[in-house]
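Contents: one structure, followed by commentary.
The values are calculated or read from the model by the stated rules, or taken from the named source; none is laboratory data. The structure presented is a predicted model; accordingly, all values stated were derived computationally and were not measured. Because the Cβ atoms are built from the backbone with ideal geometry, glycine has one as well, and the counts that use them run over all protein chains shown.
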Amino acid sequence: MIFAGIDIGSRAAKAVIMNDGEIIGSTIQDTGPESVKTAYATIEAAMQEPGITLNDIDYTVATGYGRVLVPFAAENVSEISCHARGINRYYPSVRTILDMGGQDCKAINCNEEGHVTNFVMNDKCAGGTGRFLEMIADVLNVQLEEIGELALTSFSEIPFNTICAVFAKSEAIVHLRHGVPKSDILAGLNEAISVRCHNLLKKVTIESDFTITGGIAKNTGMVDKITKKIGLEPLLAEDPQLIGALGAAIYAREKYLGKETGSDTRVQYGYNDATGDYYITINSVKCDGCGECITACPSSIYEIASDENGRSVAMVKETLRKKLSILCPGVGNCNGREKGNCQAVCPGQALTISW
Ligand code: SF4
Ligand code: SF4
């Protein structure tokens, strides 16, 4: 039987096709302006190698930023779950994942079955993402694929005060004008990004084995810096950029065959910045989807939606995740609408707010 996973990311679209657990086709394409067209172009490219058509695929799961815009997918699953499941196929011993995507970075813990047990994401700032590195490569007039190796040739890296996309670009231009070698600029940026990644990883448990997924895992200079910063050699998949699509294909097979097991436990929404940590954590096992938090929240932060196992659970609305510090004063300062704030009314004690 044939199953497909498609991962429509913000910068790249990926697809993996499997025949009874074996990968028979895959592709990585640029994400175009229209998600539906991108989805069709991506699956068609992946189907070329095995010489099949959409009719031959028994079940497709979509993931990634544009996962809801894949017309031929039967279901969609979050990319966090897909990265955990995908890497588990290569390395079941991995417990910590750093997913470095086009637009955000995520730190994920998973168990021996590839189920997420905790995660945290930083999607507030573009610094350190694929988009950021594209911008820097452009400023330095270097091919994106070459910046990793070039950084490794640095003898005297330049310290960067920030990896804010706007200020880092300005700093890079100033250094370039002063004749600083491109390799030293790149090495300095990689160092700054590795510090940020380390801080993100400290919010979950840094446990071996460790891996990096996403397109940036192909950047040797970045991987070198992160390895030294974390003190753990990452186990890298053959193509770390395909891990999300691979996980989606594995989910497709399990869902079709009714073999899906396990569930995520804690899901964390929010970010940290110079003013503090803003994370809402929802324990998806304890949450029964009663909706009391929705009624309580004066800022309408929550919604009830299906998780990847089809259970109705509370989630923080995607559009509000970057504004939590503005919308929520924290439980200590919030009386909610009726009986109290979200944490006070939650019967299953499924909610934690960290500021
Ligand atoms: S503490 Fe108040 S504002 Fe913040 S999420 Fe809970 S109910 Fe909403
Ligand atoms: S109040 Fe608690 S148990 Fe009810 S939906 Fe919200 S988080 Fe889940």
Only one of (1) touching a residue at least 24 places away in the same chain (Cβ under 8 Å); (2) acidic (D, E); (3) touching a strand residue (DSSP E or B) at 6+ places or on another chain (Cβ under 9 Å) does not apply to E233, and that is (1)
Scope region 329-352; condition under 12 Å from P298 (Cβ atoms) and more than 8 Å from ligand 2 (Cβ to nearest atom); matching residues: P329, N333, C334, N335, G336, R337, E338, G340, N341
Looking only at helices (runs of 4 or more DSSP H) that lie completely in region 238-355, which have at least 2 residues being among the small types (G, A, S)? 243-257
Restricting attention to region 322-338, the residues that are within 12 Å of ligand 1 (Cβ to nearest atom) and either touching a strand residue (DSSP E or B) at 6+ places or on another chain (Cβ under 8 Å) or basic (K, R) (or both) number exactly 7
In region 280-311, what count of residues is obtained for those that are within 13 Å of ligand 1 (Cβ to nearest atom) and either modelled with pLDDT under 90 or touching a helix residue (DSSP H, G or I) at 6+ places or on another chain (Cβ under 8 Å) (or both)? 13
Sort out which residues of region 193-229 are free of Cβ contacts under 8 Å to residues at least 60 places away in the same chain and either in the same structural domain as E79 (by TED's automatic domain parsing) or out of contact with any Asp or Glu (no Cβ under 7 Å at 6 or more places or on another chain) (or both), and write them in order of number. S194, V195, H198, K202, K228, K229
Within region 209-230, of all residues that are in contact with a strand residue (DSSP E or B) (Cβ under 8 Å, 6 or more places away or on another chain) and of a type in the set (V, I, T), the one nearest to Q103 (Cα to Cα) is I216
In region 295-311, how many are under 30 Å from A248 (Cα atoms), within 11 Å of ligand 2 (Cβ to nearest atom) and surrounded by 14 or more Cβ atoms within 10 Å (Cβ to Cβ)? 5
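Wholly within region 34-140, which strands (runs of 3 or more DSSP E) include no fewer than the required count, namely at least 1 residues that are outside the structural domain of I24 (by TED's automatic domain parsing)?
Filter on region 34-140 gives 96-100, 105-110, 116-122.
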Can you pull out the residues in region 337-355 that are at pLDDT below 85 and not hydrophobic (A, V, I, L, M, F, W, C)? R337, E338, K339, G340, G348, S354
I'd like the full set of residues that are part of a loop (DSSP other than H, G, I, E, B) and not small (G, A, S), limited to region 8-33. R11, D20, T31, P33
Could you grab me the full set of residues in region 177-215 that are over 22 Å from D273 (Cα atoms) and among the hydrophobic types (A, V, I, L, M, F, W, C)? V180, I185, L186, A187, F210, I212
Criterion first (surrounded by 17 or more Cβ atoms within 10 Å (Cβ to Cβ), under 22 Å from the mean Cα position of the chain (by Cα), away from ligand 2 (no atom under 16 Å from the Cβ) and at pLDDT below 85) does Y251 satisfy it? no
Yes or no: N341 surrounded by 16 or more Cβ atoms within 10 Å (Cβ to Cβ), near ligand 1 (Cβ under 10 Å from one of its atoms) and not hydrophobic (A, V, I, L, M, F, W, C)? yes
What are the residues in region 151-169 that are at pLDDT 85 or above, assigned to a helix (DSSP H, G or I) and surrounded by fewer than 21 Cβ atoms within 10 Å (Cβ to Cβ), if any? L152
Please pick out the residue among T295, T281, T275 that is over 21 Å from Y65 (Cβ atoms) and in contact with a Lys or Arg (Cβ under 6 Å, 6 or more places away or on another chain). T281
Taking region 12-34 as the region of interest, how many residues are farther than 14 Å from A249 by Cα and surrounded by fewer than 20 Cβ atoms within 10 Å (Cβ to Cβ)? 6
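Can you work out which of the residues in region 328-341 that are in contact (Cβ under 8 Å) with a residue 40 or more places away in the chain and more than 14 Å from Y279 (Cα to Cα) is nearest to the chain's Cα centre (by Cα)?
Going through the qualifying residues, I end up with N341.
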